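The values are calculated or read from the model by the stated rules, or taken from the named source; none is laboratory data. Model, not experiment: these values are computed from the prediction. All Cβ positions, glycine included, derive from the backbone under ideal geometry; neighbour counts span all protein chains shown.
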Amino acid sequence: MAEGQTLPQFRLLPMKAPDIQMTRKDSGAIYLTPRQAPGNRPQTVPHCLDQRAGEHPDRPFLRERDLVSGEWQTLTYGEAKAITDSLAQAFLDLGAGPDAPVMILSANSTRAAMVILAAQKIGAPAAPISVPYSLMSSDFEKLRHCFGAVKPAIIFAEHYKSFRSAIAALGNTDCKVISADPGGDNTVRQYDDLAATVPTEDVAKAMASLNDDSIGKYLFTSGSTGLPKPVPTTQGAMCSMISGQEGLRDDSRDPEHDPDQVHNVLDWLPWNHISGSNVNFNGAIWNGATFWIDDGKPTPALFQRTIDNIRDCSPSSFGTAPIALAMLADAMEADDTLLEAFFKNMRSIGYGGATLSDDLYDRLQALAIKATGRRIPIITMYGATETQGITVVHWEAERVGLIGLPLPGMTLKLVPNGAKLEVRVKGPSVMPGYLDSPEKNAEVFDEEGYYCLGDAVTFVDEDHPEKGLIFDGRVGEDFKLSSGTWVSVGTLRPDFVAACSPLIFDAVIAGQDKNFASAMVWPSQAVLEQYFKAADGDQAKGLKAFTDDVANRAKAFNAGEPGSSRRIKRLLVLTEPPSIDAGEITDKGYVNQRLVIDRRAGLVAGIYADPPAEGVVQL
C-alpha cells in the first residue's frame, strides 16, 4: 500500500467484541474474567458425533487422500457413527474401558479418527502418541515412558510394518495390537474385521455413563521440560472449550454468514496435541464441518502436498505454524491460481506455536487484498496441553503478537514476577492434574488452584484491557547480561528469526551473565541446499556464503535495535539438527531454548571464547 492510502476493511469475524472485567488485588495480582457467558456445548464429544450423524448422515465428515491413487476418500457422518459403534463394541470385547486405554501409534488418518472416537464412546481414554517417538527415535525412551504411564489395553498402529520396531521395543505385553496392514503376524488383529463387529446395547450403556469427569484422552506434554507428562483430558474440559468459543459467537455480525454452507477445514496438526485434536478436530464435529486431513507438512519435502490440497479444498479456515504461513505466502506470491483457491472461501487465518512476524502479517494481508479486495482476520488461540485453549483473539486485530483475551468461563491471574506478569489460569477446561503425579501437581497449581503456565504476558494498554494481551516469553527463558540488563528471549528470538528468514528456521539466544547476547541458528535445509548447488557441490564454500548472508541479515537487524538486550553480537550456524530424542525440539517444532544451550555448552563456550572458536561470526 502507498503511504497514506487507506487500508481496505477486514472481512468481519462473526464474534462478539471484547468485554473484560479486570480486578486488582493488593498483592499486585491482576484477575481477568470475560463478561460473556459460555455458550452451548455437546454432552460429550462422541455424543456430538452421533447427533451430527442424525442431523446430516450423508454429509462428508472426513476426507483423506488414498496412498496409492492419490484420490480423495470420503467418510460421511453416518458412516462414522456406524464404524465407531462397531469399533466400540470390539474394544469392549478386547478389554478396553475407563481403566484400560487405547494407545494410537499412527499419523492423522480416517482410521485413527475412528479409533479415537470409538474409544471415547465406551469411556476408554484414547492416547495418541507423537509419531516421531516411534519413527524418528533411536532409543524409544519417550515411547516406553508414555506406554508405562497409561498402561493401555490396546495399541492401534495403522501401518504395522512401520511401527513394528517401536512396538517390539515395548517388550512382551498383554496389549492387543490392531492394524490395517494385512502383513502383520497372526497376533495382530485387523482393523477392517473389528470395524464390522455388530454392536450390542453395551455400547449405548457405556455412552450413557459418560459425564464431564470421564477421561476422553490422555494427551502428553511436548517433553520440552523433561519426559512428556500425561494429562488426563476430560470430556468436560474438551466440551467447555467448545462452549467458551460459542459464548463469543455472533453470526449476525457476518453479513456473508450462510447457515447452510458446509465449513471446510484443512489441517495437518497432529492429534496428539490440543490444537489439532481438541480445537480443530473436535471443533469440526461441533460445527458439522468437513475435515480434510492434510498429508502435507511445513517442510521442503512435504509442503507441496499442502499446496495441492489447498487447490482441491479451498478451505474456509486455515490454521498452522508461522513457518508454514511463510512457505504458503512464498507460493501464493508466485501463483495466482493458488492464491485464488486459498482465499475463495477463507474466513480467517489462524496461527500458533510461535509469534507471527510483522513482515509476514503484511505479506498475508497484501495477498488477501489482491485476492478479495479486503484484509483477512489473522487470529490466534493461546493455551497448553494442561489447559486446552484459554485465550483467543476474537476481533479484527491490526497487529500481531496478541494472544487475545480469556474465553468465557476462564479466569486469568497475572502475577508480578520480576519485570514480567506471569500467567496463571483457572476454569473448566484446565486439567485436574497430571496422571499419578501428586508432587508435580503440587508444584504447578498455586494456593488458589490456578494452573501456572510459566509464560509471561503484557497488556497492549493496561488502562484499556479490552485491547488484549501480548505474549511476553517464557519466564524461565529470560536471562540477565553481566550489566544486569534483562534479555527477553520470548520477543528477541522470533524477531531475530524473522529478520533472518527464510535463511534460517529457528535460533536459540545465549548470553546469561555475559557481556552481550549471541545466537545459534539452524539453517533452512532447502535454502542451504541452494547454496551448496550454487557452489557446485562444495559444501564448505556453500556454508561460508550462507553464513555470510545470515551475518548480513543479523547486522541489519542490530542496526535497528538501540539497546544491548536486543542486539546479537556473535552467531554460530549449527550443522547438527535439533534432536528429538534429547528433547531439543518437539514434533510441533518448538525448540527448547535452555536444553539446547545446556546440551551444547561447549559450542556456547566457543562463542564467548577470546578469540572465538572457528565458525563463530563476530557482528
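Starting from the stretch 269-286, keep only residues that are touching a residue at least 40 places away in the same chain (Cβ under 8 Å), then list their pairs with residues that are assigned to a helix (DSSP H, G or I) and among the charged types (D, E, K, R) whose Cβ atoms are within a distance under 9 Å, requiring at least 6 positions of separation or different chains.
From the stretch 269-286, the pairs are Ile285/Arg52; Trp286/Arg52; Trp286/Glu246.
Count, please, the residues in the stretch 592-608 that happen to be surrounded by fewer than 19 Cβ atoms within 10 Å (Cβ to Cβ) and either touching a Lys or Arg at 6+ places or on another chain (Cβ under 8 Å) or not charged (D, E, K, R) (or both).
Of all residues in the stretch 592-608, those surrounded by fewer than 19 Cβ atoms within 10 Å (Cβ to Cβ) come to 594, 598-599, 601-603, 605-606, 608.
Keeping just the survivors that are either touching a Lys or Arg at 6+ places or on another chain (Cβ under 8 Å) or not charged (D, E, K, R) (or both) gives 601-603, 605-606, 608.
Of the residues in that region, 6 qualify.
Inspect the stretch 536-549 for any residue being among the aromatic types (Phe, Trp, Tyr) and more than 31 Å from the chain's Cα centre (by Cα) and give the result as yes or no.
At the first step, the residues of the stretch 536-549 found to be among the aromatic types (Phe, Trp, Tyr) are 546.
Remaining after also requiring more than 31 Å from the chain's Cα centre (by Cα): none.
No.
Determine if the stretch 213-232 includes at least one residue that is without any contact (Cβ under 8 Å) to a residue 12 or more places away in the chain and outside the structural domain of Arg599 (by TED's automatic domain parsing).
no
If I ask for residues that are aliphatic (A, V, I, L, M), exposed (fewer than 15 other Cβ atoms within 10 Å of the Cβ) and closer than 17 Å to Ile104 by Cα, which ones from the stretch 175-208 would you list?
none
Working only within the stretch 153-182, note down all residues that are outside any loop (DSSP other than H, G, I, E, B) and of a type outside the set (Val, Ile, Thr).
Keep residues of the stretch 153-182 that are outside any loop (DSSP other than H, G, I, E, B), which gives 154-156, 160-169, 176-179.
Listed by number, the residues that qualify are Phe156, Tyr160, Lys161, Ser162, Phe163, Arg164, Ser165, Ala166, Ala168, Ala169, Lys176, Ser179.
Please state which one of Ile379, Ile403 is within 21 Å of Met431 (Cβ to Cβ), in a strand (DSSP E or B) and of a type in the set (A, V, I, L, M, F, W, C). Break it down into steps so the answer makes sense when it comes.
Numbers: Ile379 fails: within 21 Å of Met431 (Cβ to Cβ).
Result of the check over Ile379, Ile403: Ile403.
Criterion first (modelled with pLDDT of 95 or more and over 24 Å from Thr355 (Cα atoms)) does Phe291 satisfy it?
Details: modelled with pLDDT of 95 or more: yes; over 24 Å from Thr355 (Cα atoms): yes.
Taking the combined requirement at face value, the residue satisfies it.
Give me the pairs, please: first residue somewhere in the stretch 407-435 and in a loop (DSSP other than H, G, I, E, B), second residue anywhere and among the aromatic types (Phe, Trp, Tyr), beta-carbon distance under 7 Å, and either six or more positions apart or on two chains.
Ala419/Trp486; Val430/Tyr451; Leu435/Tyr218
All but one of (1) at pLDDT below 95; (2) in a strand (DSSP E or B); (3) aliphatic (A, V, I, L, M) hold for Ala442; state the number of the condition that does not hold.
Single failed check for Ala442: (2).
State all residues of the stretch 480-507 that are closer than 22 Å to Asn417 by Cβ and among the aliphatic types (A, V, I, L, M); if no residue qualifies, say none.
Passing the criteria: Leu481, Val487, Val489, Leu492.
Restricting attention to the stretch 438-495, which residues are within 21 Å of the chain's Cα centre (by Cα) and of a type in the set (S, T, N, Q)?
The one that is within 21 Å of the chain's Cα centre (by Cα) and of a type in the set (S, T, N, Q): Thr491.
Tell me, please, whether a residue that is more than 30 Å from the chain's Cα centre (by Cα), part of a strand (DSSP E or B) and outside the structural domain of Pro432 (by TED's automatic domain parsing) can be found in the stretch 190-204.
yes
Please go through (1) buried (at least 20 other Cβ atoms within 10 Å of the Cβ); (2) within 22 Å of the chain's Cα centre (by Cα); (3) touching a residue at least 60 places away in the same chain (Cβ under 8 Å) for Ile154 and return the number of the only condition it doesn't satisfy.
Only one criterion is unmet by Ile154, namely (2).
Scan the stretch 307-360 residue by residue and report those that are without any contact (Cβ under 8 Å) to a residue 40 or more places away in the chain, β-branched (Val, Ile, Thr) and either assigned to a strand (DSSP E or B) or farther than 15 Å from Trp292 by Cβ (or both).
Thr337, Ile349
Select from the stretch 216-239 the residues that are assigned to a helix (DSSP H, G or I) and surrounded by fewer than 23 Cβ atoms within 10 Å (Cβ to Cβ) and list them in ascending order. Walk me through it before giving the result.
Looking only at the stretch 216-239, we keep the residues that are assigned to a helix (DSSP H, G or I), and these are 235-239.
If the condition is that a residue be assigned to a helix (DSSP H, G or I) and surrounded by fewer than 23 Cβ atoms within 10 Å (Cβ to Cβ), then Gly236 is the only one that fits.
Taking the stretch 468-526, which residues are of a type in the set (Lys, Arg) and in a helix (DSSP H, G or I)?
Step one: list which residues in the stretch 468-526 are of a type in the set (Lys, Arg), which gives 474, 480, 493, 514.
Scanning the stretch 468-526 gives a single hit, Arg493.
List the number of the failed condition for Asn309; all other conditions in (1) within 30 Å of Leu492 (Cα to Cα); (2) crowded, with 19+ Cβ neighbours inside 10 Å; (3) of a type outside the set (A, V, I, L, M) hold.
Checking Asn309 against (1) within 30 Å of Leu492 (Cα to Cα); (2) crowded, with 19+ Cβ neighbours inside 10 Å; (3) of a type outside the set (A, V, I, L, M), the one that fails is (1).
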